[in-house]
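**Student:** The structure is given below, and queries will be raised subsequently.
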Amino acid sequence: MNDNIPVFEVLPQHIGFIMDGNGRWAKMRGLERSEGHKAGAKTFRRIVEYCADVGIKHVTFYAFSTENWSRPEKEVKALMKLFKEYLLEADEREKENDIRQSRIRFIGEREGLPKDLLRLIEKAEKVSNKYSKITVNVALNYGGRAELTHAVKEIAKKVKNGEMSVDDISEDVIGDYIYTAGQPDPDIIVRPSGEYRLSNFLTWQSAYSEFWFSDILWPDFTEKDVNDILFDYQKRNRRFGGV
Ligand code: IPE
Ligand code: IPE
Ligand code: MG
């Protein structure tokens with residue numbers, strides 16, 4: 001447990017992190033891109049733990065987009081290997097009764113993922129389901145448009161077989177069919193690496209999110225950056241269309 005946590009007046013319930021900049025981080029050091037991803041995975045572990053310690057209840061980390069399949073096969077393979085390693089490690093930690101008690105959820109398209117990875121994902125979700133300190137959503141093979149397409153198809157099926165009428169479809173109902181159903185929308189979305197875009201992240205959920213951009217490359221992201229985000233967040237005036 002981290003005992004240097006500042007006192008925050010108000011905390012976001014949910015933070016979204018776009019873990020970007022691994023490749024550039026590696027390139028700057030003359031390393032392979034996969035080394036950047038390894039460093040990024042370490043940062044991910046640290047930031048999850050810190051968010052849990054601070055008392056954030058939901059975090060979503062963008063790990064692999066539906067568009068990232070267009071990368072060279074070698075890089076995609078290295079990423080899949082890292083995801084597997086993380087899940088195997090989570091399994092070990094579970095046996096040691098990990099103090100941070102995170103509930104792990106994978107959001108994204110399951111179809112297209114390697115079978116062994118899928119098995120580990122299902123196991124991690126099942127085993128960690130009893131925890132409630134923090135929910136860690138890992139967006140893997142995730143795309144906001146794919147998520148909405150999936151939701152539309154599921155709703156259409158219900159309408160077709162008479163379980164739902166067209167008039168029953170509401171924003172709340174759509175919210176029930178997206179992958180983060182039951183969780184609050186992200187209060188703030190963090191994008192490091194100097195890019196100012198969402199890249200298909202949490203399309204539905206981000207309707208009223210705050211944004212925090214920075215030039216830091218994800219592997220260099222620290223607990224202090226999380227503090228900066230939280231201090232910044234508590235100054236924001238969220239009006240949701242009101243006055
Ligand atoms: C983010 O880092 C990780 C994934 C998209 C999987 P990048 O690999 O996109 O890093 P840059 O943007 O090339 O620096
Ligand atoms: C977004 O980063 C996806 C993840 C961090 C997993 P990208 O590097 O893929 O985004 P673009 O291509 O710069 O928009
Ligand atoms: Mg990138």
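The values are calculated or read from the model by the stated rules, or taken from the named source; none is laboratory data. For clarity, every value in this text was computed on a predicted model and none was experimentally measured. Methodologically, a virtual Cβ is constructed for each residue, glycine included, from the backbone with ideal geometry; neighbour enumeration extends over all protein chains shown. Calculation scope for accessible area: heavy atoms of the full protein, side chains included, ligands and nucleic acids excluded. Shrake-Rupley method; radii C 1.70, N 1.55, O 1.52, S 1.80 Å.
**Student:** Only one of Glu147, Glu111 is open to solvent by 60 Å² or more (accessible area, probe 1.4 Å), more than 18 Å from Val48 (Cβ to Cβ) and not aliphatic (A, V, I, L, M); which?
**Tutor:** Glu111
**Student:** Sticking with this one: Any chance you could count how many residues in region 28-46 are near ligand 1 (Cβ under 9 Å from one of its atoms) and without any contact (Cβ under 8 Å) to a residue 60 or more places away in the chain?
**Tutor:** Number of matching residues: 2.
Rundown of residues vs (1) of a type in the set (S, T, N, Q); (2) surrounded by fewer than 20 Cβ atoms within 10 Å (Cβ to Cβ); (3) modelled with pLDDT under 95, yes/no style:
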{"position": "Lys157", "(1), (2), (3)": "no, yes, no"}
{"position": "Val166", "(1), (2), (3)": "no, yes, no"}
{"position": "Glu171", "(1), (2), (3)": "no, yes, no"}
{"position": "Pro192", "(1), (2), (3)": "no, no, no"}
{"position": "Arg197", "(1), (2), (3)": "no, yes, no"}
{"position": "Thr203", "(1), (2), (3)": "yes, yes, no"}
{"position": "Ser214", "(1), (2), (3)": "yes, yes, no"}
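**Student:** Are any residues in region 47-79 without any contact (Cβ under 8 Å) to a residue 60 or more places away in the chain, more than 16 Å from ligand 3 (Cβ to nearest atom) and either in a loop (DSSP other than H, G, I, E, B) or surrounded by fewer than 17 Cβ atoms within 10 Å (Cβ to Cβ) (or both), and if so, which ones?
**Tutor:** Gly55, Glu73, Lys74, Lys77
**Student:** I would also like to ask the following. For region 110-124, check the following and say yes or no: at least one residue is out of contact with any His (no Cβ under 9 Å at 6 or more places or on another chain) and on the phi > 0 side of the Ramachandran plot.
**Tutor:** yes
**Student:** Of the conditions (1) within 16 Å of the chain's Cα centre (by Cα); (2) part of a helix (DSSP H, G or I); (3) among the acidic types (Asp, Glu), Asp20 satisfies every one except a single condition; which number is it?
**Tutor:** Here Asp20 clears every test but (2).
**Student:** If you take the residues of region 1-24 that are within 16 Å of ligand 2 (Cβ to nearest atom) and aliphatic (A, V, I, L, M), which of them is farthest from Gln205 (Cα to Cα)?
**Tutor:** Only one residue fits best here, namely Met19.
**Student:** Among the residues in region 86-97, are any open to solvent by 60 Å² or more (accessible area, probe 1.4 Å) and of a type in the set (A, V, I, L, M)?
**Tutor:** Scanning region 86-97 turns up at least one residue that is open to solvent by 60 Å² or more (accessible area, probe 1.4 Å) and of a type in the set (A, V, I, L, M).
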